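The structure appears right after this line, and notes come after that.
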Amino acid sequence: AVAEVQLRDDQYTLDHMRAFGMYNYLHLDSWYQDNVYYVDQFGRVMNLSVTLDTALQKPREVFRLPADLTAYDNRLCASIHFSSPTRVTLSDGTGRLYLIKSGKRGNSASEKWEIMFNEELGSPFIIAHSVSFVKSDTYSLAVLLLRVEKDELDTKGSGFHVTLEWVTIAEISKEVDHRYEIIKRRVLQGKSVPHYAAIEPSGDGLMIVSHRPFKFIESEGDKLEENDDEKVLNEKKDPLYYWQQTEDDVTITVHLPQDITKDDIKVRFSPDNICVTLRDQPPLMEGKLYSSVDHESCTWIIKENKSLEISLIKKNEGPRWPELIVGDTSGEFIMDSSQCSEITESLMHLTSEVMNPNPEKEKPPCNAQELEECDAFLEDGASLCRFDGDTLKVTHIINLGSNQYLFSVVVNPREMPCFCLRHDVDALLWQPHSDQLENMWEHIATFNALGYVQASKQDKKFMACAPDYSYAALCECLRRVFIYRQPTPLSTVLYNRKEGRQVGQVAKQLVATLEANDPILGFQATNERLFVLTTKTLFLIKVNSGN
């Protein structure tokens with residue numbers, strides 16, 4: 001039977017339930033189609049690879065965990081992640097990490113798993129993700145470990161916090177023995193189990209979707225540096241100057257100290273530059289102007305309220321300047337009310353006062369009043385963050401708002417896993433591209449109405465979709481599996497009587513009921529079939545026929 005680990009009495013929070021109670025015990029090897037693994041009660045890693053529909057192999061042992069797992073009281077479930085076509089990361093649930101060289105998998109003859117590296121890494125964890133990459137000619141592997149740990153300082157909350165440890169292992173000798181060593185360990189801490197956490201293929205960054213924010217826990221030296229940075233931020237003063245513009249001129253206002261007189265002020269104009277100094281101090285403002293000015297017509301005066309007013313006449317009338325002095329952030333632009341209304345007007349065509357201004361359009365927008373009670377979900381406001389591996393700082397943050405996280409899926413094992421979010425009634429699949437700054441998250445597929453349909457399935461345990469997006473599927477805790485196919489063209493003519501129009505394509509929903517009384521422990525989808533694992537049985541559901 002599957003090595004299921006029940007939650008202990010001291011693992012009572014929602015985070016424990018999410019991380020370990022809802023754990024997917026079936027592991028899909030994305031590098032080889034239709035190849036799944038699970039760990040059984042004897043600590044054996046069992047594989048089932050489908051080569052022919054007609055002759056299904058029995059699950060076979062590819063590796064046995066060396067430790068006797070039953071001797072450990074506080075262990076978690078064993079976890080597996082496939083980092084490359086020949087490397088596997090494996091945890092036995094006791095706090096030990098194994099790096100395995102598997103040979104070419106998915107082909108029963110040559111698959112032999114060997115331990116390349118193993119080390120005790122502290123309290124028990126599960127593997128959230130891993131990648132292998134070559135950096136400066138060194139073979140490296142990065143792995144993300146998830147723990148839910150007791151937090152003595154948290155007296156008001158659940159009493160626990162969640163940590164993600166990012167471990168980098170590198171090959172240190174390339175001779176016969178291929179020795180590996182841990183070269184970096186970094187820890188992020190947060191207050192909720194992440195919905196999604198994955199390392200970029202290059203090993204340079206990390207993306208996390210979570211309800212509560214994560215941040216790196218630094219060593220003492222780093223903490224001191226951070227405090228200095230904070231001081232600098234807090235000491236930021238008011239702007240040194242304010243500026244306004246019209247189509248043909250720019251007005252700059254500088255507040256002067258009490259004792260400054262006209263003779264203390266020096267203002268130099270040139271066609272492309274400006275320099276303002278007070279007495280013998282360093283220049284108050286100096287640098288290249290965003291665009292050329294008619295320097296002979298530029299003037300300055302001291303106003304009654306002890307402020308210096310400088311007028312610049314633009315050489316090219318019309319275009320707005322996005323900044324006054326190139327690269328200078330010590331001033332503040334003030335927009336007058338007529339400019340504000342002008343900009344609002346120019347954007348009017350992008351928005352609409354009416355909920356559905358064009359009812360003839362094929363897909364009307366979702367009407368919030370049509371949503372039902374089951375559509376409301378508690379965790380409003382998850383966010384997607386990207387962390388840089390060198391600076392350990394957040395480089396991108398996106399508030400997902402009401403775009404509920406649904407599931408993740410590996411479409412291409414060389415890329416990061418995709419994540420699926422609910423958008424109104426639909427579900428949209430997003431592929432992260434860490435190397436494309438302009439297109440970091442690409443929308444690659446849509447499952448029509450899946451967002452709405454899954455909301456009504458109160459007993460759902462796992463969700464998945466085929467890597468070719470041909471169907472999405474979800475299963476309940478017991479027996480039932482729902483399959484939602486993408487719309488396909490009809491061979492016969494079908495009319496929608498209500499609207500009196502011909503329907504060109506139809507999307508089918510299928511329901512499978514498993515002949516099993518044990519709870520579903522694992523669920524994986526491939527292009528052709530669904531694998532559903534219960535305590536004692538592995539079910540295969542054929543969804544699409546092969547080419």
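The values are calculated or read from the model by the stated rules, or taken from the named source; none is laboratory data. Since the structure is predicted, the reported quantities are computational estimates derived from the model, not experimental observations. Neighbour counts are summed over all protein chains in view; Cβ atoms, including those assigned to glycine, are modelled from backbone coordinates with ideal geometry. For accessibility, only protein heavy atoms count, side chains too; no ligands or nucleic acids. Shrake-Rupley method; radii C 1.70, N 1.55, O 1.52, S 1.80 Å.
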(request) State all residues of the stretch 194-215 that are open to solvent by less than 10 Å² (accessible area, probe 1.4 Å) and either of a type in the set (Gly, Ala, Ser) or assigned to a loop (DSSP other than H, G, I, E, B) (or both); if no residue qualifies, say none. (result) Ala198, Glu200, Gly205, Ser210
(request) Return the residue satisfying two criteria in turn: it lies in the stretch 108-148 and is among the basic types (Lys, Arg) and either open to solvent by 60 Å² or more (accessible area, probe 1.4 Å) or not assigned by the TED database to the domain that holds Gly203 (or both), and of such residues it is farthest from the chain's Cα centre (by Cα). (result) Lys112
(request) Report those strands (runs of 3 or more DSSP E) wholly inside the stretch 467-547 carrying at least 1 residues which are over 33 Å from the mean Cα position of the chain (by Cα) and free of Cβ contacts under 8 Å to residues at least 24 places away in the same chain. (result) 488-496, 501-506
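What strands (runs of 3 or more DSSP E) lie completely within the stretch 281-332 and have 3 or more residues being assigned by the TED database to the domain that holds Asp248 and in contact with a Cys (Cβ under 9 Å, 6 or more places away or on another chain)?
285-288, 307-313
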(request) Could you tell me which numbered condition Ala455 fails, if it satisfies all but one of (1) over 18 Å from the mean Cα position of the chain (by Cα); (2) hydrophobic (A, V, I, L, M, F, W, C); (3) open to solvent by 50 Å² or more (accessible area, probe 1.4 Å)? (result) (3)
(message) Take the residues in the stretch 33-51 that are surrounded by fewer than 18 Cβ atoms within 10 Å (Cβ to Cβ) and not in a strand (DSSP E or B); name whichever of them is farthest from the chain's Cα centre (by Cα).
(response) Phe42
